[in-house]
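Asker: First, the structure itself, so that you have it in front of you.
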Amino acid sequence: MDKLKMHSLNKVDENIKKIGAQFPNCITERKNQQGEVEYAIDFDMLKQELSSVIVEGREERYQFTWPDKKKSILLANAPIAKTLRPCREESVDFDNTENLYIEGDNLEVLKLLQETYLGKVKMIYIDPPYNTGNDFVYEDDFAQNTSEYLENSGQFDDEGNRLVKNTETNGRFHTDWLNMIYPRLKLARDLLTDDGVIFISIDDNEVAQLRKICDEILGSNNFIAELVWQKRKGGGNDTMFIGIDHEYILVYAKSLVSQPTAWRVKYEDEYLKRYNHKDAIGKYYYDTLSRPGLKNPIIYDVTCPDGSIIKDGTWQISKESFFNGLETGEVLFIKNKYGKYSVVRKVRQPEGRVFRSILSSVSNKNAADEMEDIFNAKKTFSSPKPHKLLLELLELCTENNSIILDFFSGSSTTAHAVMQLNAEDGGNRKFIMVQLPESTDEKSEAYKAGYKNICEIGKERIRRAGNKIAQENPQAKFDKGFRVLKCDSSNMKEVYYNPAEYNTDLLDAQIDNIKADRTAEDLLFQVMLDLGVLLSSDIKQTTIADKTVFNVADNFLMACFDTDINEEVITAIAKQKPYYFVMRDSSMANDSVATNFEQIFTIYSPETKRKVL
C-alpha cells in the first residue's frame, strides 16, 4: 500500500513538471541538502529556450519589483504540514450542506486547497485589508517557519493573533502589503476554472500596485475592467482637499478567451414594464420607425397597404431590413383614427443589459443598515460591503452550480449574497469563506455583544441571513448551511514527516504516528485534502464488525481509522469496490490479516487504490 504524504502541494515540484513537459532539455538533477538526488531546472538552458538573446544579471528591462518579491514567490510555492479540522458544533446542517467556512490564515488555507479545488472555482471575490496605515496586514515569514519568526519577534497579540500594524511611517509601507497579497493571488489563480473570474476591492492607496501585480500573475491580456463603486453618498465635509466617495473593484479573467462573448445582467422590473405585448417569440413593445429629428436617418419611399406613399420617409433601419421586417411580422403598418398610416417595429425584450463600470446602486450606508437589521445592533462590523453589490457581481459571471471563494471573508457578505441569489433563481452555488480569526477590539460593539473574533461574526451572519432569506422566500429551496473547518497543525506526529531524524528506540515507542488529540473525522478530512476529494462531499458513517467506516462521495473514498481491523472488515469494504481505501499504518488485528489484505482486495476489488497513514 502507498503511504499518503499528508501535506500541501509542493508548487515547485509541480512547476518543474510543467516546464519539463514543455522543455525536457531544461530538466537536470542535483543533490539536495540531505544528499538525495532530485530534479531541478537548468535555468541557463531555460533562458536560452525563451530568448534569442540571454537576459543576464541586472540588464535593464521592464519589470515590477520590490524588496522580498522573490521570497514571496518562494513562500507561495513552499509546502506546509497543516490540515483542516471539522467543527460540527459550530456548523449548520454539517451532513447535508455543500458550503464551507474555513478559519485560519488564508495563505495556509489556499495551499491546502490547491489539489482539491484546482481549477474548480468559478468566481473569487476578495476585499483585502486596505493599506491605510491604520489597518492590519498579515505578516508572513520568509526565512524561518511562521511560528518561529513570530515567537522570536514578539509579534503575537494577547490572543495569539499573527498580526502587525503597517503604519505610513514604515519604510516598507507598500512592500509589506505587496508581500502579503502577492503569494495569495498567485495561489488563488490556480483555483480558478478556465473561464473563472476574480474581483478585488481596493482603494487609492494600492490600486496602482495591485493592477501591476494582477497583470503579472493573471496577465494584462486577461484584464476586464476597473470598476468604480460609489461607496459613499454625501458627507465628508471635513476632508481637507477632495471627499473620496469611491473605491475600485479590479476584474480579471483566468483566461479571457474562455469567457462568453458577452456578460449581461437582468434589467430592473420598472424598466421591463415597457415590454407590454407578447407573442410566441416573447415580450416586446412597439417603436415608431420614423420620427422627426432622427440622427443620421435613412431616406426612402414606402408604399402603404392602401396604395398611398410615404414620400422621402426618414427611417431608423435600411430599406432591406424594412421589407424583411414586413415579411416576418416584426415591422407593421398601423392606421390611426384619421385613416393615416404609420410604421412601427417590435422591439424585443433583451436577455439582459450590459454591465456598467460605475456602480452606484448601493453604498456603505446600505451595508451598515443590513448589518444592523441582521444583528439588531449597530456597528457590529466595520466597513462591510452591501450584499447587493456582491449580488450584481455573482449574476454577472456565475452559473447555477458554481463554486465561489472569498478568502478575506470578513462579515461573510459573499456568503449572504450567494444564498440570496440561490433563493431567487433556484441555483445551487456553493461558497467557501476563509477568514483569519482576528480578535475584535474589546471596546467595540461586537466584543460587547459577545463576538470575540471576526469569524464569530461571519458565521453568525450566515446563520441569521440564511434564516431571514428563508422567511422572506418560503417557497425557495436553497442551502443555508455550512461546514466549519479550522486550519491546524497536521494530525501526524513529526516522526511521520522526518523518520530519518528519529532513532529506532523512539520509533518503537511511537508506533502510532497520529497525534493523540485527533479524531477519526479529523483524519478523514486530511485524507480528503490529500486525495483531492471535495471537502463538501457527502459523508456517510457506518459500522462494520464494531469498526467505524466512512464512505465519502458514494464509494469514491472509504476509510477506517480504528485499530485491530480484522478480515471481516477488510472483506466488507473490498466488496463495495471503493476507488480509494485508507486506513492507519499497522492497524490490522494480526499478521494473518496483513498477509491476506492484498489477496482480499485482489479477489473483490483489484482496482481499488489502497493507502495508509
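Bear in mind that the values in this text are calculations on the coordinates, not laboratory data. None of the values given here were measured: they were computed from a predicted structure. Quick reminder, even Gly has a Cβ in these numbers, built from the backbone with ideal geometry, and neighbours come from all protein chains shown.
Asker: Using Cα atoms only, what is the angle between the long axis of helix 319-328 and the major principal axis of the chain, expressed in degrees (0 to 90) to the nearest 10?
Answerer: The angle comes out near 80 degrees.
Asker: What is the dipole size for the chain, taken about its Cα centre, with +1 at each Lys and Arg Cβ and -1 at each Asp and Glu Cβ, in debye to the nearest 20?
Answerer: Working: 79 positive and 97 negative charges, 623 e Å.
Roughly 3000 debye for the chain.
Asker: Can you tell me the 0 to 90 degree angle between the C-alpha axis of helix 387-397 and the longest principal axis of the chain, rounded to 10?
Answerer: Its long axis makes an angle of about 90 degrees.
Asker: Of Ser220, Ser8, how do they rank once you tally other Cβ atoms within 10 Å and put the fewest first? Walk me through the intermediate numbers first.
Answerer: On the way: Ser220 11, Ser8 24.
Listed from fewest to most nearby Cβ atoms, that is Ser220, Ser8.
Asker: Helix 520-531 versus the longest principal axis of the chain: what angle, 0 to 90°, nearest 10, using Cα atoms?
Answerer: In the chain, helix 520-531 runs at an angle near 70 degrees to the longest axis.
Asker: Related question: When the helices in the chain are scored as -39500 (n - 2.57) per DSSP H run of 4 or longer and the sum is shared across all residues, what 222 nm value do you end up with, to the nearest 500 deg cm²/dmol?
Answerer: Using -39500 (n - 2.57) per qualifying helix, the result is -9000 deg cm²/dmol.
Asker: Which translational diffusion coefficient, to the nearest whole µm²/s, is obtained for the stretch 269-348 from the Stokes-Einstein equation, given a Kirkwood hydrodynamic radius over C-alpha pairs, 10 °C and 1.306 mPa s?
Answerer: 116
Asker: Hey, if you drop one equal point scatterer on each alpha-carbon of the chain and run the Debye formula without solvent, what base-10 log of I(q)/I(0) do you get at q = 0.11, 0.12 Å⁻¹?
Answerer: -1.18, -1.32
Asker: Given the peptides 401-413, 311-323, 195-207, 444-456, arrange them by the average over their residues of other C-beta atoms within 10 Å, most packed first. Intermediate results must be reported in sequence, preceding the final value.
Answerer: Details: 401-413: 24.5, 311-323: 14.1, 195-207: 20.2, 444-456: 16.8.
Highest to lowest by the protection proxy: 401-413, 195-207, 444-456, 311-323.
Asker: Looking at the calculated P(r) for the stretch 502-612, what percent of the C-alpha pair distances fall above 23 Å?
Answerer: On the way: 1708 of 6105 pairs.
For the stretch 502-612, the fraction of Cα-Cα distances above 23 Å is 28 percent.
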